[in-house]
1. Identify which of the listed values of Kirkwood radius over Cα pairs in Å was calculated from the structure shown: (1) 20.6; (2) 19.3; (3) 24.1.
2. What relative contact order, as a whole-number percentage, does the range 225-300 give when Cα pairs under 8 Å and 6 or more residues apart are counted?
3. Can you give me the angle between helix 90-100 and the longest principal axis of the chain, using Cα atoms only, in degrees from 0 to 90, rounded to the nearest 10?
4. Taking the simple approach of a point 7 Å from Cα along Cα-to-Cβ for both D101 and E211, what is their distance in nm?
5. If you add up the charges near A140, with Lys and Arg at +1 and Asp and Glu at -1, over every other residue whose beta carbon is less than 14 angstrom from its beta carbon, what do you get?
6. To the nearest 0.05, what FRET efficiency results for K168 and A200 with a Förster distance of 22 Å applied to their C-beta separation?
7. If we count other beta carbons within 10 Å of each Cβ, what is the order of R62, R234, R88, fewest first?
8. Just want to confirm a number: the relative contact order over the range 106-239, from Cα pairs under 8 angstrom separated by 6+ residues, in percent.
Amino acid sequence: MALDVRMPVIVGQDGTELAYRVVQDDNDENTCGAADPLVCIPGGPMRASAYLGDLGGLSGRRPLVMLDLRGTGGSGRPVDPGTYRCDRQVSDVEALREHLDLERLDLLAHSAGGDLAILYAVAYPERVRTLTLVTGRGRALGVDFTVEHRREAAELRKGEPWFEAGRKAFEAVRAGTATEADWEAVMPFFYGRWDAAARAHAAREVAETNEEAAELYAAPEAFDPEAARDVVARLEARVLVLAGELDGGPLPRVAAEIAGLFRDATVLVQPGAGHFPWLDDPRWFAGAVAGFLEAGDAEN
């Protein structure tokens, strides 16, 4: 499958240049170009959108518009570093919507990007048609994962050959004594399959992440969970919360807790998947997300 990948640039409300990737199947037989794009918010936090790839071939079902958050990937660094805070990046998502000339968005967010997507939905509820949270964080709603959640998920991997080294490294990370080797040893916990593709994906993380921005992204001042819960309880958008069976952030039951705060939400747990489910089983992932989006298209 040939992919058409372009990277236009727009200007945010404060003058920061914002790049986004357009990824879609370039096959002449493909009709996904007739559909509205799926706007994708990366996680990390503050990791360039390149790590999302084509979301397991989802680009063959919908054109994907992947925003590089300010200070990452092809986007410029802001004059004010305080604008790395996720609530202050809501206006960047709105600037992208206006640029794309879309009345409402189909919005997908991965991991920490879930907080930004939720905050966008809170600020602009009338602009969201669907919201897909992929192993998404719900800190904006007062729901978060814990160290114990991570340990619980880690125990599911006891049969893996890397488990013992990974478990010891995990405890070093939590104790604040981790070495670079320890950080490398815990990476398999984030993937359902620790194969060559996962290793290559993990190896790019540091280079693709703006660490300064990541430290500021989820400052406590960014969130007002009570107010956010009130809005999402009335949100008319259809919501999909997709969790990985082996993921600890969030565990499937925590993902269900996040989903329960929305008026109209569906929970799916991808078997054998970790934190990056489109890598673990691309066909399952792309089919599940596309099925959710297409069901909404049929209703409309």
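What follows is calculated from the coordinates using simple rules that are stated; it is not laboratory data. Predicted, not measured: the structure shown is a model, and the values here were computed from it. Reconstructed Cβ throughout: ideal geometry from the backbone, glycine too, with neighbour counts over all protein chains shown.
1. The value computed from this structure is option (2).
2. Details: 98 pairs, mean separation 22.5, N = 76.
RCO, the range 225-300: 30 percent.
3. The angle comes out at about 50 degrees.
4. Each label point lies 7 Å from its Cα, and together they span 4.4 nm.
5. On the way: positive: R85, R88, R137, R139, R229; negative: D87, D115, D144, E221, D224, E226, D230, E257.
With Lys, Arg at +1 and Asp, Glu at -1, the neighbours total -3.
6. It comes to 0.35.
7. Ranked by crowding around the Cβ, least crowded first: R234, R88, R62.
8. Contact order relative to length: 32 percent.
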